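Below is one structure, written out as structure tokens; the observations come after it.
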Amino acid sequence: MAGNIRHMIDAITEKRSKGNPTIAITTKTKFILKGINPDRFNDTSPDDPAVIAKVRAIALEMGVAV
């Protein structure tokens, strides 16, 4: 299923920010600092297992379940 990474990033951002735009931007910045640029992924992006594992690890560090 293409776009799974984008959906995971969006879910993590939404759960962490709870609608607060400042925390949403901070979350995006943390993804970028950890090597995942959320703007590179969309609904048609192929699902790379290595990237999915990295996103899950970042979510775990942030205390968010995906």
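The values are calculated or read from the model by the stated rules, or taken from the named source; none is laboratory data. Computed from a predicted structure; not experimentally measured. Because the Cβ atoms are built from the backbone with ideal geometry, glycine has one as well, and the counts that use them run over all protein chains shown.
Details
- Looking across segment 1-30, the residues that are of a type in the set (A, V, I, L, M, F, W, C), under 16 Å from ASP48 (Cα atoms) and in a helix (DSSP H, G or I) come down to ILE5, MET8, ILE9.
- Residues that are modelled with pLDDT of 95 or more and among the small types (Gly, Ala, Ser) within segment 1-16 comprise just one, ALA11.
- Number of positions in segment 5-41 that are closer than 17 Å to GLY63 by Cα, among the aliphatic types (A, V, I, L, M) and surrounded by 14 or more Cβ atoms within 10 Å (Cβ to Cβ): 5
- Residues that are assigned to a loop (DSSP other than H, G, I, E, B) and either free of Cβ contacts under 8 Å to residues at least 24 places away in the same chain or at positive phi (or both), drawn from segment 31-43: GLY35, ASN37
- When residues of segment 44-55 are limited to those that are in contact (Cβ under 8 Å) with a residue 12 or more places away in the chain and more than 16 Å from GLU14 (Cβ to Cβ), the one surrounded by the most Cβ atoms within 10 Å (Cβ to Cβ): VAL51
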